[in-house]
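To start, the structure under review is shown below, and the notes come after it.
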Amino acid sequence: TRYNGINNKNNRGQGNTSGLFYSEYQFQKRWESLNLDITSGVVGIWSKVDAALYNGKYTSSNYAGYLQADKKFFDKLNISAGVRYEQNNLTNGDFIFEDSIKVFDAGTVSDAKPVFRLGANYELTQATFLRASVGQGYRFPVIAEKYILTQAGGIDIIPNPNLEPETGWSAEIAIKQGFKISNFSGFIDVAAFWNEYNDMMEFSVSKEPNPFKRPLAFNSKNIGNTRIKGIEASFGGKGNLFGLPTTFFGGYTFIDPKFKDLGKSFEAFNDSLEISTADFNVLKYRSKHSFKFDIESSYKIFSLAFTGTYNSKIEAIDPILGALAGIGIYRSKNDRGYKTFGLRFAVIPSEHIRVGFIADNIFNEEYMVRPGLLEAPRNYTLKLDYTF
């Protein structure tokens, strides 16, 4: 069990006082003779919020029970199957805006749903593994998505009390191959995945009545049914490089994020075609290509690492943000994504002490993960770890 209490006060009408209590009971049982493991449990989450940020008092609860079985066959095949049932409740009071506009009525919203998952991992040959999985997903809107009403950076963010839960499923098939070349040993893992979302939730431009009496606002809405499919490849290993012990890993991901029915998704925007800066079918705020790597070598008590990350350009954002001069100019000048590099240096004088120096964004790349939020320039961290 755990309890988390927050009392955040400020003079911008964005305060938050809340308490959250979490409790879980889990039971595990293993039958050695059957190569079978059973995991089951129940979870309860209760919260109470009184927040200017959400303009009212709220209570919420989440109850869930789950069961999972893991079994090994023939010392080569592992099967995992599970089910979870969730019950969500969210209660709010009447909210009257400053000028007596009723934004939403008091009431309780409840929803419940089971989700299932199934996975398998099979050892084809020595150091070659084939795996596949399929699972359902379910997400109930949080208070911030349904009831937030605030202003930040000149942007109005308004409630959507009619926001519906998001559901979906995901599937993956992959192969993992171990290898040994000279004194290097490692693995290569390649996976293909397919994700489907129903009533996907996303913050977007809203043309619903704005209590702040300004023409433009954002809120969270169900944008329709979507599909994200792609491939992912990763590698890693260790060995000697120029006589130095070296470890390395990296990965590349490609995604193809689309609306399943773009026409129906327009309905979430009051039939407005101004939903994206892209003139083709692609979900907003996503990079199609991403790559990262990390390589580290050591010599006696010293170690040195070099890291890198690349993300391709975000192909679509909200048109209103794209029209802002600063963001528009930046996107036109940075239409190939961004890449950053870093260094880590450590001295390990004993098994208890590690002194590290970390330099991030060493080439001082100007980049944004999210439009409008400039990320950190070149920066340095000095770190001391001591193990008792």
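Need pairs with beta-carbon distance below 6 Å; first residue free of Cβ contacts under 8 Å to residues at least 24 places away in the same chain and within segment 359-388, second part of a loop (DSSP other than H, G, I, E, B) and polar (S, T, N, Q); sequence gap 6+ or separate chains.
Close Cβ pairs (under 6 Å, with a partner that is part of a loop (DSSP other than H, G, I, E, B) and polar (S, T, N, Q)) amount to Pro377/Asn364; Arg378/Asn361; Arg378/Asn364.
Tally the residues that are among the polar types (S, T, N, Q), open to solvent by 80 Å² or more (accessible area, probe 1.4 Å) and modelled with pLDDT of 95 or more, restricting the search to segment 18-73. Full working, then the answer.
Initial filter on segment 18-73 (among the polar types (S, T, N, Q)): 18, 23, 26, 28, 33, 35, 39-40, 47, 55, 59-62, 68.
Narrowing further to those that are open to solvent by 80 Å² or more (accessible area, probe 1.4 Å): 26, 28, 33.
Adding the requirement that they be modelled with pLDDT of 95 or more leaves 26, 28.
Count: 2.
For Pro257, indicate whether it is more than 19 Å from the chain's Cα centre (by Cα) and either open to solvent by 40 Å² or more (accessible area, probe 1.4 Å) or of a type outside the set (Gly, Ala, Ser) (or both). Show your work before the answer.
Working: more than 19 Å from the chain's Cα centre (by Cα): no; either open to solvent by 40 Å² or more (accessible area, probe 1.4 Å) or of a type outside the set (Gly, Ala, Ser) (or both): yes.
Criteria not met by Pro257.
Scan segment 327-348 for residues that are touching a residue at least 24 places away in the same chain (Cβ under 8 Å) and out of contact with any helix residue (DSSP H, G or I) (no Cβ under 9 Å at 6 or more places or on another chain) and report the count. Full working, then the answer.
Here is the first cut: in segment 327-348, the residues touching a residue at least 24 places away in the same chain (Cβ under 8 Å) are 327, 330-331, 334, 336-348.
Right, trim to out of contact with any helix residue (DSSP H, G or I) (no Cβ under 9 Å at 6 or more places or on another chain) and you get 330, 334, 336-348.
So the answer is 15.
Going through segment 276-304 one residue at a time, which ones are touching a residue at least 40 places away in the same chain (Cβ under 8 Å) and aliphatic (A, V, I, L, M)?
Leu283, Ile295, Ile301, Leu304
Consider only pairs whose beta carbons are under 8 Å apart and that are at least six residues apart or on different chains; among these, list those whose first residue lies in segment 185-205 and is of a type in the set (Gly, Ala, Ser) and whose second residue is in a loop (DSSP other than H, G, I, E, B).
Within 8 Å, the pairs are Ser204/Ile223; Ser204/Ile275; Ser204/Lys284; Ser204/Asp318.
So which pairs qualify, if the first residue must be in segment 159-178 and touching a residue at least 12 places away in the same chain (Cβ under 8 Å) and surrounded by fewer than 16 Cβ atoms within 10 Å (Cβ to Cβ), the second must be polar (S, T, N, Q) and not in a strand (DSSP E or B), the Cβ gap must be under 9 Å, and the two must be at least 6 apart or on different chains?
Gly178/Gln126
Considering only residues that are within 13 Å of Phe140 (Cβ to Cβ) and open to solvent by less than 30 Å² (accessible area, probe 1.4 Å), look in segment 77-114 and name the one that is modelled with the highest pLDDT.
So the residue we want is Asn88.
Considering only residues of segment 228-243 that are surrounded by fewer than 17 Cβ atoms within 10 Å (Cβ to Cβ) and under 26 Å from the mean Cα position of the chain (by Cα), which is farthest from Glu296 (Cα to Cα)? Break it down stepwise before answering.
First, pick out the residues of segment 228-243 that are surrounded by fewer than 17 Cβ atoms within 10 Å (Cβ to Cβ): 229-231, 233, 236, 238-243.
Next, only the ones that are under 26 Å from the mean Cα position of the chain (by Cα) stay: 229-231, 233, 236.
Values: Lys229: 32, Gly230: 29, Ile231: 26, Ala233: 20, Gly236: 12 Å.
Per the stated criteria, the residue is Lys229.
Tell me which residues, restricted to segment 305-327, are farther than 24 Å from Phe203 by Cα and open to solvent by less than 40 Å² (accessible area, probe 1.4 Å). Break it down stepwise before answering.
The first filter runs over segment 305-327 and keeps only residues farther than 24 Å from Phe203 by Cα, leaving 305-310.
Hits for segment 305-327 are Ala305, Thr307, Gly308.
Confirm whether Gly224 is touching a residue at least 12 places away in the same chain (Cβ under 8 Å), farther than 30 Å from Gln14 by Cβ and either touching a Gly at 6+ places or on another chain (Cβ under 6 Å) or outside any strand (DSSP E or B) (or both).
On the way: touching a residue at least 12 places away in the same chain (Cβ under 8 Å): yes; farther than 30 Å from Gln14 by Cβ: yes; either touching a Gly at 6+ places or on another chain (Cβ under 6 Å) or outside any strand (DSSP E or B) (or both): yes.
The answer is yes for Gly224.
Condition check: at negative phi and surrounded by fewer than 18 Cβ atoms within 10 Å (Cβ to Cβ). Does Leu216 satisfy that? Let's see the steps before the verdict.
Details: at negative phi: yes; surrounded by fewer than 18 Cβ atoms within 10 Å (Cβ to Cβ): yes.
Considered against the rule, which asks whether it is at negative phi and surrounded by fewer than 18 Cβ atoms within 10 Å (Cβ to Cβ), Leu216 comes out as yes.
Among strands (runs of 3 or more DSSP E) lying entirely in segment 328-388, which contain 3 or more residues that are within 30 Å of Ala316 (Cβ to Cβ), of a type outside the set (Asp, Glu) and open to solvent by less than 70 Å² (accessible area, probe 1.4 Å)? Before you say what the answer is, go through the steps one by one.
Numbers: elements: 338-347, 353-360, 368-370, 379-386.
Result: 338-347.
The values are calculated or read from the model by the stated rules, or taken from the named source; none is laboratory data. Fair warning: this is a prediction, and the values are worked out from it, not measured in the lab. Methodologically, a virtual Cβ is constructed for each residue, glycine included, from the backbone with ideal geometry; neighbour enumeration extends over all protein chains shown. Just the protein is used for accessible areas: all its heavy atoms, side chains included, with ligands, DNA and RNA removed. Shrake-Rupley method; radii C 1.70, N 1.55, O 1.52, S 1.80 Å.
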